[in-house]
Amino acid sequence: MKAKLSLSKDKIVSKIDDRLYGSFIEHLGRAVYGGIYEPGHETADDMGFRGDVMEVIKEMKVPLVRYPGGNFVSGYRWEDGTGDRAKRPRRLELAWGTIETNEIGIDEFQEWAKRAGSEIMMAVNLGTRGAEEAGNLVEYCNAVTDTYYADMRRKNGFDEPFGIRTWCLGNEMDGPWQICHLEAKEYARKACEAAKIMKWTDPSIELVACGSSSSGMPTFGEWEETVLRECYEHIDYISLHSYYGNRENNTEEYLGSSLDMDHFIETVAAICDKVKAEKKSEKDIHLSFDEWNVWFHSNEADKQIPRWSIAPPQLEDIYNMEDALVVGSLVNSLINHSDRVKIGCLAQLVNVIAPVMTVTGGKMWLQTIFYPYMYACRYGRGTALKATCECEKYAAGKWDAIPYVDCSAVYNEEAGEVTVFVVNRNLKESVTLDLGLEGFTVESVLEHKIVNHDDMKATNSVDNQEEVIARDGNAKADSVELEPHSYNMIRLKVK
Ligand code: AHR
């Protein structure tokens, strides 16, 4: 099969906000305890952070980490995670039915993030709590004034503010499962008042209001309109969340998941623009896709986990080859919509629906989805180019026309590189993809990496860490042979 990718230096989508390649650490399962933090582990640093996990996250160059939830945040008292660790309360954690020891809180996490080279995207509790506590947390983290919460931070040993610039106004408040779930109008009012207090406390911060928990929610659309109408001038972004899974075991259909993401993004962007027009506003609201991933493998196992354990192995999806292809094409969707999507968070980062896994007391290992995410993090910085791909399409399940070849392309002017991310969804045939780069002279192929396996259900594990990994390919400057069902990352040196 043949296909053609056309790019032009003049045809751009947008300058990419680095935060597009963010991730997420929730106080859930073994993400924090046993994931990023394990005092006593042979690689642990002076604060008990796992050195092996820290190293890989630094190498990936994860720009942003959302924290501390997720559903967890809607019952969280942020003060529990500050100050003298011996005095911190153990609490019933109602979102996930566990016990939270509060050994780690914002005091420690901001240090972890600093060491990992990531910025924090902080979520405030708009479930059991409200505007006042949200404002207090902004003061604790960011204020330089001689006032109660800034002084509390200093007493806890932090003279310098944490300088957190991106904040979520709660989490999935449209979902009936959420602790203190709200109706759209109720959330909109609460978020609006919290936003005012938070921005009065620190006018430099950016705020993300909750959109729908998925495009399948019965209130999807109406929720966004209500929230935007109420909060428009007080917020900067609205959130989108989406998880995919091959529940019907229909791989061809599953590989089209990014079409759903495309549609979701375009619909929410249209709602933002409709409200902008209604309000005759000058301001654009951008999108924060702050939870996206594949999540379904662990659903049954999670039902067996007893309540009130500490850091049990929840949401530990083991990802296979086809999941890596889906994650590769979801990343492409984010890049191709980077004019509207400014923030993205792969949910999550360690152990919980994650690219990076650990054995408590043992080794770290990497899942199949690690590769497409890591390559985007590392080489997806710069300007997204309009990637026009002429290729055949196929029908599968609910989709009439899934392109066999899915692409995105990023121009990094500083490095003089164009990186092309390509998924070949054709399960049987290889594709010869012509690379047409207008306005660039391609000097050489710096790197071509392929992730592929004969078995679409192949996984990695702690004992078999190299079953699905990236290997070198032999792309040419003007064409690349895409193996059937493969993920490809091609870096071209350009002038
Ligand atoms: O990422 C796992 C969970 O998925 C988050 O806690 C919640 O926001 C979403 O439903």
Condition check for Thr128: over 27 Å from Asp18 (Cβ atoms), within 16 Å of the ligand (Cβ to nearest atom) and in contact with a helix residue (DSSP H, G or I) (Cβ under 6 Å, 6 or more places away or on another chain): yes
For Arg153: the one exception among (1) touching a Ser or Thr at 6+ places or on another chain (Cβ under 6 Å); (2) among the charged types (D, E, K, R); (3) more than 18 Å from Arg229 (Cα to Cα): (1)
Meets criteria (under 19 Å from Asp107 (Cα atoms) and over 16 Å from the mean Cα position of the chain (by Cα)) for Glu26: no
Boolean, Glu206 is away from the ligand (no atom under 12 Å from the Cβ) and closer than 14 Å to Ala123 by Cβ: yes
Hey, Lys276 away from the ligand (no atom under 14 Å from the Cβ) and either part of a loop (DSSP other than H, G, I, E, B) or over 19 Å from the mean Cα position of the chain (by Cα) (or both) or not: yes
Qualifying position, being more than 16 Å from the ligand (Cβ to nearest atom), closer than 18 Å to Ala31 by Cβ and surrounded by fewer than 18 Cβ atoms within 10 Å (Cβ to Cβ), among Ile99, Ile104: Ile99
Some residue of region 9-26 being β-branched (Val, Ile, Thr), in contact with a Phe, Trp or Tyr (Cβ under 6 Å, 6 or more places away or on another chain), within 16 Å of the ligand (Cβ to nearest atom) and not in a strand (DSSP E or B): yes
Among (1) in contact with a His (Cβ under 7 Å, 6 or more places away or on another chain); (2) within 16 Å of the ligand (Cβ to nearest atom); (3) within 15 Å of Gly135 (Cα to Cα) - the single one Ala195 does not satisfy: (2)
Among the candidates Arg66, Arg30, residue that is touching a residue at least 24 places away in the same chain (Cβ under 8 Å), within 16 Å of the ligand (Cβ to nearest atom), over 13 Å from Asn125 (Cβ atoms) and part of a strand (DSSP E or B): Arg66
Filter result for Arg115 (part of a helix (DSSP H, G or I) and under 27 Å from Gln314 (Cα atoms)): yes
Residues located in region 74-103, provided they are over 22 Å from Gly130 (Cα atoms) and either of a type in the set (A, V, I, L, M, F, W, C) or assigned to a strand (DSSP E or B) (or both): Ala86, Thr98, Ile99
The one condition in (1) within 16 Å of the ligand (Cβ to nearest atom); (2) out of contact with any His (no Cβ under 9 Å at 6 or more places or on another chain); (3) outside any loop (DSSP other than H, G, I, E, B); (4) touching a residue at least 60 places away in the same chain (Cβ under 8 Å) that Glu252 fails to fulfil: (1)
Lone qualifier among Val445, Val468 - being of a type outside the set (Phe, Trp, Tyr) and either touching a helix residue (DSSP H, G or I) at 6+ places or on another chain (Cβ under 6 Å) or buried (at least 19 other Cβ atoms within 10 Å of the Cβ) (or both): Val468
Residues that are closer than 30 Å to Gly245 by Cα and in a strand (DSSP E or B), drawn from region 442-470: His448, Lys449, Ile450, Val451, Thr459, Ser461, Asn464, Ala470
Set Gly416, Gly382, Gly397: member being among the small types (Gly, Ala, Ser), touching a residue at least 12 places away in the same chain (Cβ under 8 Å) and surrounded by 15 or more Cβ atoms within 10 Å (Cβ to Cβ): Gly382
Search result, residues across region 48-58 that are free of Cβ contacts under 8 Å to residues at least 24 places away in the same chain and either part of a helix (DSSP H, G or I) or more than 17 Å from Tyr33 (Cα to Cα) (or both): Gly51, Glu55
Any hit, region 155-162, residues being closer than 30 Å to Asp46 by Cβ, in contact (Cβ under 8 Å) with a residue 60 or more places away in the chain and either within 16 Å of the ligand (Cβ to nearest atom) or of a type outside the set (S, T, N, Q) (or both): yes
Matching residues, region 471-482, being assigned to a loop (DSSP other than H, G, I, E, B) and surrounded by fewer than 16 Cβ atoms within 10 Å (Cβ to Cβ): Asn474, Lys476, Asp478
Residue selected from region 212-239 under the condition under 17 Å from the mean Cα position of the chain (by Cα) and within 12 Å of the ligand (Cβ to nearest atom), by the criterion farthest from Ile197 (Cα to Cα): Ser214
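Per-residue answers, yes or no, for (1) away from the ligand (no atom under 16 Å from the Cβ); (2) surrounded by fewer than 24 Cβ atoms within 10 Å (Cβ to Cβ); (3) among the small types (Gly, Ala, Ser):
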{"site": "Phe289", "(1), (2), (3)": "no, no, no"}
{"site": "Trp308", "(1), (2), (3)": "yes, yes, no"}
{"site": "Ala311", "(1), (2), (3)": "no, yes, yes"}
{"site": "Glu316", "(1), (2), (3)": "no, yes, no"}
{"site": "Gly328", "(1), (2), (3)": "yes, no, yes"}
{"site": "Val331", "(1), (2), (3)": "yes, no, no"}
{"site": "Ile343", "(1), (2), (3)": "no, no, no"}
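Computed from the coordinates by the stated procedures, all read-outs in this text should not be read as laboratory data. Keep in mind it's a predicted model, so treat the numbers as computed, not measured. Neighbour counts are summed over all protein chains in view; Cβ atoms, including those assigned to glycine, are modelled from backbone coordinates with ideal geometry.
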